[in-house]
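For reference, the structure discussed in these notes is given below.
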Amino acid sequence: MIGSIIGTGVFALPSALAPYGPISLVAFGVVTLGALALALTFGALSKKVPASGGPYVYAREAFGEFAGFLNAWSYWITAWAGNAAIVVAWVGYVEVFVNTGHHKGVSVLLALAGLWIPAAINLTGVRNTGAFQVITTVLKFVPLVFMATVGLLFIDAHNFGPFNASGQSALGAVSAAGAIALFSYLGLEAASVVAGRVRDPKRNVPRATVYGTLVCAVIYILGTLAVFGTVAHGKLGGSTAPFTDAANNIFGGTWAGDIVAVAAIISGIGALNGWTMLCAEMPYAAARDGLFPRAFARLRGKGDVPVFGIIASTVLASLITVVSYTRFDDVFTKIVLLSVLTAVIPYLFSAAAQLYWLLVRDGEKARPRRLARDITVAVLALAFSYWSIQGSGYQTVYYGLFVVLLGVPVYVWLKRGQAAGEPSATVVAGEVPAQWEREPETPPPARRVSRSTRTDRVGGPHRRNDLHPHD
């Protein structure tokens, strides 16, 4: 899971936060608390529904098919739009070595290569994807841990600049910087999205989610602090490779910065590799339930590869990358804010689903102290989600809401096909359609029950396979 959270985004984040000044570190702290509340929420939800789909399946179980569809649609947008943001940051570090003049045409070609190499790896099967993820995760930690430890010893207070350089109020600056900082935590739900591929998901998914978020939080905050303190504020905002600049300032010359750049390039490919799998996994889970176009549910080859989901998502990521390079100056920030908004919607629904189960379904069974603790965490996760939406800015909310609502006609089309007599993709355990080669990884929606007739189980039977978590 850490491999999907830590990507090139964290290597570019100090430059994106520089216009706000050191107050963005306060925003990072607030975002970290919100991310931990979300991690605990996802950990609890994965115990209730230990199946692939994550936010999609939680919303579907709690609020019905339409809510499930909107979450799957929104998260799918997050996945491929997030890949576009990651690859933009990745190109910044590639251009430490090539295209140092940052010619847009060459930058676009590099970005497209960065998107399609991980897609090709994913098309070979989940085992190769997992092995590649492990290797890149190990390699990316070295420079990040170095900057989060040794880099702190070289901080110069004069480099920080004004505490609030944004010109906004303190609250406005924290909210705006927090929306950008949240991008670094996208992927904290990754383990729950692929829970159907994880051994003993009720045990391993909550651990991977919470511990992975904690590890990333420590590295993020200390690493960003070190960069703020080793690169002059006036130069940081215009840097395309801030960690490289920080390493060069610490050691002199360019050799240290080149090493960091190589690590950032490896990190970006690893993150793109993991997110490309998520681009296909969420639509796959929804398509198996008839809530996404059926093409996303078809698997190919011995590795059961969701080929259509991988290719379609990479094509869309490629398109938004090309458009962004030709129309926006601050490409990274624009795509980041869109990715954050479309991710927060599933986060919000997941927190609401947890509250629904605690207050409506399972509340009477829980011990009062534990119930109060779980409700508090879920409320914090819900409030944090709302705060993140308003911090994204009016323009981002406008465009984000527009692309999310574009899914409504798709849902109508899917339901119309079922009403017209086409076979639904919803699968009941033991009744697998002949055209599909393996049983579903998400349980059928649980039957609604009244408060007086509760059930001890949410969802249907779960199949365990022999695959280990890829992170």
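Table for the structure above
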quantity: Scope the range 150-160; condition closer than 17 Å to G237 by Cα and surrounded by 16 or more Cβ atoms within 10 Å (Cβ to Cβ); matching residues; calculated: N159, F160
quantity: Residue check, A176 under 25 Å from Y20 (Cβ atoms) and under 21 Å from the mean Cα position of the chain (by Cα); calculated: yes
quantity: Qualifying residue in the range 308-329 (condition: in a loop (DSSP other than H, G, I, E, B) and surrounded by fewer than 23 Cβ atoms within 10 Å (Cβ to Cβ)); calculated: yes
quantity: Filtered residue count, the range 162-198, keeping only those that are in contact with a His (Cβ under 9 Å, 6 or more places away or on another chain) and either modelled with pLDDT of 90 or more or among the hydroxyl-bearing types (S, T, Y) (or both); calculated: 2
quantity: Single match in K415, K334 (criterion: out of contact with any Lys or Arg (no Cβ under 6 Å at 6 or more places or on another chain), basic (K, R) and either closer than 30 Å to L17 by Cα or modelled with pLDDT of 90 or more (or both)); calculated: K334
quantity: Cβ pairs under 6 Å, 6+ apart, first in the range 377-388 and within 14 Å of P346 (Cα to Cα), second hydroxyl-bearing (S, T, Y) and open to solvent by less than 20 Å² (accessible area, probe 1.4 Å); calculated: A378/T41; A381/T41; S385/Y347
quantity: Check on L225, under 24 Å from L152 (Cα atoms) and more than 18 Å from the chain's Cα centre (by Cα); calculated: yes
quantity: Of residues in the range 390-408 being assigned to a helix (DSSP H, G or I) and hydroxyl-bearing (S, T, Y), the one most open to solvent (accessible area, probe 1.4 Å); calculated: Y394
quantity: Restricting the range 194-213 to residues that are touching a residue at least 40 places away in the same chain (Cβ under 8 Å), part of a helix (DSSP H, G or I) and under 23 Å from I266 (Cβ atoms), the residue that is most open to solvent (accessible area, probe 1.4 Å); calculated: A208
quantity: Selection within the range 289-348 - hydroxyl-bearing (S, T, Y), under 16 Å from the mean Cα position of the chain (by Cα) and closer than 18 Å to P118 by Cβ; calculated: S313, T314, S339
quantity: Residues of the range 248-288 that turn out to be under 17 Å from the mean Cα position of the chain (by Cα), open to solvent by less than 10 Å² (accessible area, probe 1.4 Å) and either farther than 21 Å from W73 by Cβ or free of Cβ contacts under 8 Å to residues at least 60 places away in the same chain (or both), as a count; calculated: 6
quantity: Filter result (within 22 Å of P306 (Cβ to Cβ) and open to solvent by less than 70 Å² (accessible area, probe 1.4 Å)) within the range 97-122; calculated: L112, G114, L115, P118, A119, A120, I121, N122
quantity: Qualifying positions in the range 19-49 - crowded, with 24+ Cβ neighbours inside 10 Å and more than 19 Å from Y185 (Cβ to Cβ); calculated: V49
quantity: Test for A353: is it buried (at least 24 other Cβ atoms within 10 Å of the Cβ) and either modelled with pLDDT under 85 or closer than 22 Å to F63 by Cα (or both); calculated: yes
quantity: Test: residue in the range 362-370 that is open to solvent by less than 60 Å² (accessible area, probe 1.4 Å), part of a helix (DSSP H, G or I), at negative phi and at pLDDT 85 or above; calculated: no
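The values are calculated or read from the model by the stated rules, or taken from the named source; none is laboratory data. It should be emphasised that the depicted structure is a prediction, and the values quoted were computed from it without experimental measurement. Using ideal geometry, Cβ is built from the backbone for each residue, glycine included, and neighbour counts are taken over all protein chains shown. For accessibility, only protein heavy atoms count, side chains too; no ligands or nucleic acids. Shrake-Rupley method; radii C 1.70, N 1.55, O 1.52, S 1.80 Å.
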